[in-house]
Amino acid sequence: NGADNSQFNYGFNPPRLFFGEGGIVDGEDADVILHEYGHAISNSANGSSNFGVERETLDEAMGDYIAASYSKNINTYNWQKVYSWDGNTASWQGRSAVNSFNKFYPNLTFSNIYQHTDIWVSALMEIWDNLGVQTTDKLVLESMYSYYQGMKFPDAALALVNADSLQNNGSNFFVIWNA
């Protein structure tokens, strides 16, 4: 109906992805499609655990990571700009997969779920640079099964370390920890 808002909605049977039509049509941007599909993957992996501002921020960041990982794997040009097609309007410039403001956890205030997604995505992309797309994507997807209501960023980091322990006997611990 002309709105510029895409979403994954688990309230339908089967769950559905909806793509906004306002501004640049969201369904024309692969990053938007992959981001929303990331929400579907997250919901499939851990049910309806997406409650709490940091947990919801992590879910947004996971969608951004899936989009950035896909983009960078295909072509490194401008990969760090999530929503590189849809986020090119005067009203919205998309989001970043790089922590360009040098934010540090826990010295943050979470006033909305979109504000600090770059912190988690940039850490995951740093891991991606060191371990490659396949290893990192597998770790990220495995870690999503450990997500729960009210979790915080350090909990997500621990879930990633645990995923590496399960998949690789912890051989990537230092790469993950450093990121």
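Figure legend. Inter-residue proximity from segment 55-70: first residues under 15 Å from GLN115 (Cα atoms) and open to solvent by 10 Å² or more (accessible area, probe 1.4 Å), second residues of a type in the set (Val, Ile, Thr) and not in a helix (DSSP H, G or I), beta-carbon distance below 7 Å, spacing 6+ or different chains. Indicated pairs: GLU56/ILE113; GLU60/ILE113. Could you list, in sequence order, the residues of segment 101-130 that are open to solvent by 40 Å² or more (accessible area, probe 1.4 Å) and either at pLDDT 95 or above or touching a strand residue (DSSP E or B) at 6+ places or on another chain (Cβ under 6 Å) (or both)? The answer is GLU126, ASP129, ASN130. Can we say GLN80 is surrounded by 17 or more Cβ atoms within 10 Å (Cβ to Cβ) and closer than 26 Å to GLU28 by Cα? Here the answer is yes, as GLN80 does meet what is asked. Kindly indicate whether ASP137 is touching a helix residue (DSSP H, G or I) at 6+ places or on another chain (Cβ under 9 Å), open to solvent by less than 70 Å² (accessible area, probe 1.4 Å) and either free of Cβ contacts under 8 Å to residues at least 40 places away in the same chain or over 25 Å from ASP31 (Cα atoms) (or both). It is false that ASP137 is touching a helix residue (DSSP H, G or I) at 6+ places or on another chain (Cβ under 9 Å), open to solvent by less than 70 Å² (accessible area, probe 1.4 Å) and either free of Cβ contacts under 8 Å to residues at least 40 places away in the same chain or over 25 Å from ASP31 (Cα atoms) (or both).
The values are calculated or read from the model by the stated rules, or taken from the named source; none is laboratory data. All figures in this text were calculated on a predicted structure; none of them were measured in a lab. No Cβ is skipped: glycine too gets one built from the backbone with ideal geometry, and neighbour counts run over all protein chains shown. All accessible areas refer to the heavy atoms of the entire protein, side chains included, with ligands and DNA or RNA removed. Shrake-Rupley method; radii C 1.70, N 1.55, O 1.52, S 1.80 Å.
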